[in-house]
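Nothing in this text is a laboratory measurement; each read-out follows from the coordinates by a stated rule. These numbers were taken from a predicted model, which means no experiment stands behind them. Here the Cβ is made from the backbone with ideal geometry for all residues, glycine too, and neighbour counts use every protein chain on show.
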Amino acid sequence: MEAWELPVCLNLYLSKLNLVKGLDNLNEHQIIKEYFSDVGSAYLAEHGIRVSVGDDAAVLSPPKGKESVISVDTSIEGVHFLKAMNASDIAYRSVSVALSDLAACGATPSWFTLALSLEDYDPIWLSGFRRGLEDISSELKIPLIGGDTTKGNLSITVQVGGYVEKGKALTRKGAKVGDLIYLTGTIGEASSALESIKKDNLVDLKKSRYLRPKIRFGVSNKLKGIASSAIDVSDGLFQDLNHICTASKVGANVYLEKIPTFLSKSLSSEEMNKGDDYEILFTSDKTNKEKIEGISKQEKIPICEIGLIIKGYEVQIITPEGDFLKASSGFQHF
């Protein structure tokens, strides 16, 4: 879930879909053609992509006056998604959670690559997987431009790229003492849906923020010049806020009663820190309050003030009674 930022001078980049190592080599070009070769191909030109799937590498031309933003995420069966999930949801989710890091940086998405490890060649599963790729590609108008597939335990690595105006990228570093802390959307919907899936309660969860997280690009694009720092809530609300505090060398007071929760359900601090929400957590100067309220109305997404940046180095959770709680650990990768 955690992404790293890469120094980018991007004109020649990834990669060819070399499908499928370890399986019948005669299937390689058939699989490329049937499942991956034209996902989002209608959007290549508008994103400056001259060479895409099928060659040794993709060739891109970054827009003038923009900086490239790149991130990568790996999703592994049993850790980041469940085997019981539909292949289309697995594909959509794997791409979406990678794209969330671009939103945290205020970037506009422009392409993605896919490295897929498969246990066996399963045309039914691959057809569903392709549908999920097409869904998010069509939704955000971005193409699949390359990747790699091998035989092995099911894992999915998605690399995403986007652009932002030079010097305008949002980062974790920049929160200042006195800044207000804001959160888009609500906390807890994804973890609630995950628990339902684990209990085989496979009701219509198609639109849940666990299976198909909707990334807040509309909000993040408007936060440039307003937010002093930002991060996506992937590993847990308090854990991710701590990343901002560490990078910015500040502390934070978070007020438990101000944190918006799914269906207004009362959640413990531990439940609020489970992760998978993919909301945007950001800080901003108090003078930007009206602008942020305006963004919330324009995008029709709630943006709530949940705390304050203070001197110090840790996140403090304050109950309505004025008691201080210590944040529990969020998602741990190791």
(request) Give me the distance between the Cα centres of the range 256-292 and the range 293-328, rounded to whole Å. (result) 6
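Taking the range 103-252, how much of its Cα-Cα pair set, in percent, is spaced more than 29 angstrom apart? Don't skip to the answer; put the middle values down first.
Values: 3375 of 11175 pairs.
Of the Cα pairs, 30 percent sit more than 29 Å apart.
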(request) Indicate the gyration tensor shape class of the range 180-326 (rounded, prolate or oblate), computed on the Cα atoms with a ≥ b ≥ c the square roots of the eigenvalues: a/c under 1.5 is rounded; otherwise a/b larger than b/c is prolate and the rest oblate. (result) oblate
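Calculate the FRET efficiency for CYS304 and LYS83 from the Cβ-Cβ distance with a Förster distance of 25 Å, rounded to the nearest 0.05.
For CYS304 and LYS83, the calculated efficiency is 0.10.
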(request) Enter the Cα centre distance for the pair the range 134-195 and the range 63-120, rounded to the nearest angstrom. (result) 7
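Going by average Cβ neighbours within 10 Å, how do the peptides 177-185, 91-99 rank, with the highest at the top? Please list the in-between numbers first.
Details: 177-185: 21.0, 91-99: 25.6.
Final packing ranking: 91-99, 177-185.
FRET efficiency for LYS249 and GLU293, Cβ-Cβ distance as r, R0 = 35 Å, nearest 0.05? List each step's numbers first, then the result.
On the way: r = 29 Å, r/R0 = 0.82.
After rounding to 0.05, the efficiency reads 0.75.
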(message) Could you work out how much longer the chain between LYS173 and THR319 gets when fully extended? Use 0.36 nm per residue separation minus the Cα distance between them, nm to one decimal.
(response) 49.9 nm
(request) Sort TRP111, TRP125 so the one with the fewest other Cβ atoms within 10 Å of its own Cβ comes first. (result) TRP125, TRP111
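In the structure shown, do any of LYS83/LYS297; LYS151/LYS274; LYS64/LYS297; LYS166/LYS258; LYS258/LYS286 have a Cα-Cα gap over 27 Å, and if so which?
Numbers: LYS83/LYS297 38 Å; LYS151/LYS274 32 Å; LYS64/LYS297 31 Å; LYS166/LYS258 35 Å; LYS258/LYS286 17 Å.
Distance filter (> 27 Å) returns LYS83/LYS297; LYS151/LYS274; LYS64/LYS297; LYS166/LYS258.
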(message) Test of understanding: ordering THR157, THR246 by Cβ neighbours within 10 Å, fewest first, what list do you get?
(response) THR246, THR157
